[in-house]
Structures are given as structure tokens and as C-alpha cells.
Amino acid sequence: MQGLKNRHVLITGGAGGIGSATAARFLEEGARVVLMDEDQTACRLVEEALPSLEPSILADVSDADSVEKAFIKLDALFNGLDILINNAGISVRNPFLDITPEQWQTVISVNLSGMFYVAQQAARRMLAGDGGVILNMGSTNGVMGYHYYADYNASKAGVIELTRSMALELGPKIRVNAVCPGFIMTPMQEAEYTPEMRRIFEEKLPLRRLGRPEDVAALFAFLASDEASFITGEYIVIDGGEIAGGLASQA
Amino acid sequence: MSKDEPLPLGLREKVALITGGASGIGRAVAHKFGQAGASVALVDIDKAGGGEVIQEIRDNGGEARFFTCDVTRVDQCEKTVDETLNVFGGLHILVNAAGMILRATVLETDEADWDRIMDVFGGLHILVNAVGAILRATVLETDEADWDRMVDVNLKGTFLMCKYALPRIIEGGGGAIVNISSGWGLVGGRRAAAYCASKGGVVLLTKAMALDHAREDIRVNCVCPGDTDTPMLREEAMQMGQPVEEFLARAADRPLGRLGTPEEVAQVALFLASDSASFITGTTLVVDGGGLAGAG
């Protein structure tokens, strides 16, 4: 892709499946990449697999102070930030009636508040420099309803609206988009899914396969590149056709 | 792309049929696909323009052939697909870029107006994407012939090309279809009723086809460009009776503060057609500098 070489890229939640695949993709494109994550052990494993990564920065994105301190470390590493992959997020499966106020608060504070804290720090640096690209991790869950993830779904719908609002205010120097994956087979899911669960998910999807972290990484790379220079304020669904129809189109 | 960068958007050994390829967005798509290594079957009713484009692609080391075809005509669509198979031995990608926008300040778009519009562009035809004639009209102002023309080119033409290209793409083991719709296929535009209806139809044709043909390994996606810097946009200003520069300045009033270029739309079509987008189907990708992000 055009315009990624030597770019400074920050990936939050970078130690996870999609985060690390995205890191690998940006390194292949010749970018300089740093992970931000709260899991030090996981960061170390990814750094071992991808030796050209910059040293990871530990932070809890749901804590504004932690994020501010992490960006001071980032400033020492990079002179300016070009691309933010705002990827950190969590999900907890629970029926609506069983979601406790604590769980609600945790999910919202990582998925939505965390995204805001990181994006605001990043945008200040991009505006002070030559501009940049911010890509927020949404989900098909932010577009359609899904059972047992009401808090997660609401947070991801929030991410989409945050994305649009940021695009309006931060353009033209910064492009802001959201990526909305459907079922992606990360190493975590691979460990979690039984063969039966996997078959059911695959059957649900028109393309009859689950996505790979590399599929999402390729979309991030495209949207961050100059190839996507006129795309902003948009959410892009990558889901094997799942929500082209949805529940209303089963028959 | 420079040599030291990877080429993830390669289309080597793929045959791509591009309608509306003689000008505007379709032309940019043809160039982009030619550069990416695809064999390009360029389809348009504009022979002279089409001939130029394939010559340019060949001069850049690509492979291209031109086929004259009116996409509103069932026999011509079928013949064009057959000819593409004869020449290239396969078909993997279809880009439906043929289309038109019809807007007019004055609604009375009778035959004379239509002819005048054609004259302005000399050989511009309804099938020429993004350079088409413009009729801006409410439902009350749109006569039946205008409606038919709009729906025939933008929607029926896309349907017909898909209908005849699909079996061939399936025979070849799957591939991708990219339809060019519009931001006005997703939200309403003032005095553009028939255009909006036809482009909205393209969006849902895309999604329905994505569901139907995913199992045959065909991905179907849609690009929705916003105001793109083409001659059509200038024609629109003229017909609205507005100074061109003022009109273009208003069109550029969006987060990125400018109009899009045909190349920027073509780059997105290339991404969606490439294997980099192999998990993306039934999706609309808006390329409009943020125009749809806000309520205004």
C-alpha cells in the first residue's frame, strides 16, 4: 500500500490476535510500529515473534492518567504519530438481565472511554504534526443487535458515532474511520470455540468461513494508506456477508 | 507503487470487465486495474474514448480490449461477456461503473433538452459513467421517459451485466463484483429523485447478490462515491444556473475540504476486487471525504 513506509504507527490492544496481526502487516509495509497494551507477558511474546517492533508501552486505556503517561513515553520514542490503530477492547457474554453495573462500567470504560482517551492524545499530536489517520475498532455488533452482549454492542455503536464526530472535527488533517469485523478467528477464539461452535458460526456466514486476523489487518493497512485518501467518517464492515442480510434474511 | 513496496493489491492473471470504462470513474478504474496486472475488458458505448483508454493501458505495459456495448440492452450484455471469454479465456472480476446522473434546473427534460445535453458533451452518452447528462428533478418533474432512462442505465444495466457475467465468473472458480453506486444511494438528494432511487437500488442489489453468490465464492461490494471531480459536476453547476466555482466550492464543503478524484474511487474499487478484501462482501464503502458523516 502507498504511504505506509516509515510511518509511525501505534496499536492499542496490540498484543491480541487482531492487534498483533495488524502489527505484522504494518511492519511488512515498512512502518515503525509500537504496541500499547496492559498485558506485559503477551507484549513480550509478540515482540519475540516480531523483532522489528519498537519496545511496547504498557497502559490501561480505560484510565485517562495511564493513557497520558503512556503518550509521554510514546513521545520519547517517536517524533510524532502518523497512524493510530485504536483497537483495545473487551467483551463479556451475559444476558441483559445479568449484566451488573460493574460489568457495564468495565466494558464501556475500555471500549468507549478508552478509545476516546487514546484518540484525543493521538489527535493532538497529529494536528501538531502533518496530520494522520485514526482507525477505531468497531464491530458488526455496533451496527446490528446480538444476543448476550448488550454492553459490548452499545459500546461499539458508540465507537461508530465517535468516529463520525471525530472525522467532522479533525478533518482535513486527520482521517478517521471505523472497522467493523464480524466473526474473526483469533488465537483466543480458536482456543475457546468447540468444533461444533465453529461449524455453527461458519454456517451463519454467507462466505462460509470465519475471518482471519490477517483479513482485518489488510483492511487497516488499506484504510491507513494513501489508497484511502478520500475515505473518512465511515465504518467499513468486514464480515463475510453476515449483515448484508441478517436475522431478517434467514429464510 | 514504488518497487520497494509490496504489491498487495495485485490482480495478475485476472480478467476484469469494466463497464463505463471510457471516461470518469470507469476510466480511472480501468487504468488502476491495468496497472495492477489485470487483463481489462473495457466496455462502453463511446468507441473513441474507449479506444483511447485501452491504448493508454497498453502503452503502460498492460493488456486491454475494448468492447462496444449498451448495458441497457440484454443482447449486447450477453454478447460482450461471450466476447470477453473468447479473447481472454476467462472472467474473474466485474466492475459496474456505467451510469448516469440526471439533474436539471428546469424540469422539463423533454427530448430537446436531452439532445442539448448530449450536444454539450459531444458524444456523451447515458452509459458514460460520471460524465453523463444531468437532470435534477422531483418526482413531479420527472417524466416517465426520464425515469426509465435513469433506472435502465444505473440499475438495469448493472443487473444485466451481472446476470451474464456471473455464470462465467462461477465457471472460473469465483471472483468479485464491484458496483459503483453513490452517496445518494444511501441518503436522499434534493431534486434527484430518480437518480437516488436507481442508486439505492444498486446498493441493495449488491447486498442481495452477496447473499446469493457467496457460496460460489463471489464477493459483491459497492462503492458509494461523493462529489468527484469530473466534467459531470461542472455540467451540473451549469444546469443549476450556478457559477461553477461557487458550486464546486459548496460541493467541497466536507471534512476533507475538497472534491474526490476518479483515481481515489478507483483505488477503492481495486481494493475491493483484490484478494486483500477476501472477507469483505455485501458491504458499501463510502468514498466522500466525510460528506455522509454529519447532518450538516
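The values are calculated or read from the model by the stated rules, or taken from the named source; none is laboratory data. These numbers come from a predicted model, not from an experiment. Ideal geometry is used to build each Cβ from the backbone, glycine not excepted, and the neighbour counts take in all protein chains shown.
Brief remarks on what is shown
- Verdict on B:G296 being of a type outside the set (S, T, N, Q), surrounded by fewer than 18 Cβ atoms within 10 Å (Cβ to Cβ) and at positive phi: yes
- Taken over segment A:88-104, the residue count meeting the criterion of being closer than 19 Å to A:M137 by Cα and surrounded by 13 or more Cβ atoms within 10 Å (Cβ to Cβ) is 6.
- Annotation note: of A:I231, A:I243, the sole residue that is among the β-branched types (V, I, T), in a helix (DSSP H, G or I), within 11 Å of another protein chain (Cβ to nearest Cβ) and touching a residue at least 24 places away in the same chain (Cβ under 8 Å) is A:I243.
- Within the set B:T142, B:T158, the sole residue that is of a type in the set (V, I, T), away from chain A (no Cβ under 14 Å) and under 24 Å from B:L11 (Cα atoms) turns out to be B:T158.
- Segment B:254-296, subset polar (S, T, N, Q) and either within 7 Å of another protein chain (Cβ to nearest Cβ) or touching a Pro at 6+ places or on another chain (Cβ under 6 Å) (or both), residue nearest to B:R234 (Cα to Cα): B:Q267
- Residues in segment B:151-165 that are of a type outside the set (S, T, Y) and touching a residue at least 60 places away in the same chain (Cβ under 8 Å): B:D152, B:V153, B:K156, B:G157, B:L160, B:M161, B:C162, B:K163, B:A165.
- Single residue of segment A:1-32 satisfying the filter (surrounded by fewer than 24 Cβ atoms within 10 Å (Cβ to Cβ) and in a strand (DSSP E or B)) that is nearest to the other protein chains (Cβ to nearest Cβ): A:R32
- Where B:V220 falls short, out of the listed (1) touching a His at 6+ places or on another chain (Cβ under 9 Å); (2) farther than 23 Å from A:A224 by Cβ; (3) in a helix (DSSP H, G or I): (3)
- Selection count where residues are more than 22 Å from A:Y152 (Cβ to Cβ), away from chain B (no Cβ under 12 Å) and either crowded, with 20+ Cβ neighbours inside 10 Å or touching a helix residue (DSSP H, G or I) at 6+ places or on another chain (Cβ under 6 Å) (or both), scope segment A:170-205: 0
- One residue stands out among those in segment A:108-165 that are in contact with a strand residue (DSSP E or B) (Cβ under 7 Å, 6 or more places away or on another chain), of a type outside the set (A, V, I, L, M) and in a helix (DSSP H, G or I): the one that is surrounded by the most Cβ atoms within 10 Å (Cβ to Cβ), which is A:T163.
- Top-ranked residue of segment B:176-225 - restricted to ones that are basic (K, R) and over 19 Å from B:F271 (Cβ atoms), ranked as farthest from the chain's Cα centre (by Cα): B:R215
- Taking the listed residues B:A197, B:A237, B:A176, B:A208, the one that is in contact (Cβ under 8 Å) with a residue 60 or more places away in the chain and not in a loop (DSSP other than H, G, I, E, B) is B:A176, with no other qualifying.
- Among the candidates B:G20, B:G37, B:G49, residue that is surrounded by 22 or more Cβ atoms within 10 Å (Cβ to Cβ), under 23 Å from B:G90 (Cβ atoms) and not hydroxyl-bearing (S, T, Y): B:G20
- Where A:V176 falls short, out of the listed (1) over 30 Å from A:R124 (Cα atoms); (2) touching a Ser or Thr at 6+ places or on another chain (Cβ under 8 Å): (1)
- The condition of being surrounded by fewer than 24 Cβ atoms within 10 Å (Cβ to Cβ), in a helix (DSSP H, G or I) and free of Cβ contacts under 8 Å to residues at least 12 places away in the same chain holds for B:R250.
- Qualifying residue in segment A:46-69 (condition: part of a helix (DSSP H, G or I), within 14 Å of chain B (Cβ to nearest Cβ) and under 26 Å from A:D130 (Cα atoms)): no
- Residue that is modelled with the lowest pLDDT, among those in segment B:179-194 that are of a type in the set (A, V, I, L, M, F, W, C) and assigned to a loop (DSSP other than H, G, I, E, B): B:A192
- Output for segment A:206-222, where each listed residue is buried (at least 20 other Cβ atoms within 10 Å of the Cβ) and either aromatic (F, W, Y) or at the interface with another protein chain (Cβ under 9 Å from one of its Cβ atoms) (or both): A:P206, A:L207, A:L210, A:G211, A:D215, A:V216, A:A218, A:L219, A:F220, A:A221, A:F222
- Failed item in (1) within 20 Å of A:N177 (Cβ to Cβ); (2) among the β-branched types (V, I, T); (3) out of contact with any Leu (no Cβ under 8 Å at 6 or more places or on another chain), with A:I85 passing the rest: (3)
- Check on A:A76, modelled with pLDDT of 95 or more, assigned to a helix (DSSP H, G or I) and farther than 25 Å from A:G131 by Cβ: no
- Qualifying residue in segment B:161-171 (condition: part of a helix (DSSP H, G or I), more than 18 Å from the chain's Cα centre (by Cα) and among the β-branched types (V, I, T)): yes
- Qualifying residue in segment B:273-293 (condition: of a type in the set (D, E, K, R) and either surrounded by fewer than 19 Cβ atoms within 10 Å (Cβ to Cβ) or assigned to a strand (DSSP E or B) (or both)): yes
So that you can scan it fast, the table gives a plain yes or no per residue for (1) at pLDDT below 95; (2) surrounded by 19 or more Cβ atoms within 10 Å (Cβ to Cβ):
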position: B:K3; (1), (2): yes, no
position: B:R12; (1), (2): yes, no
position: B:R27; (1), (2): yes, yes
position: B:H31; (1), (2): no, yes
position: B:V43; (1), (2): yes, yes
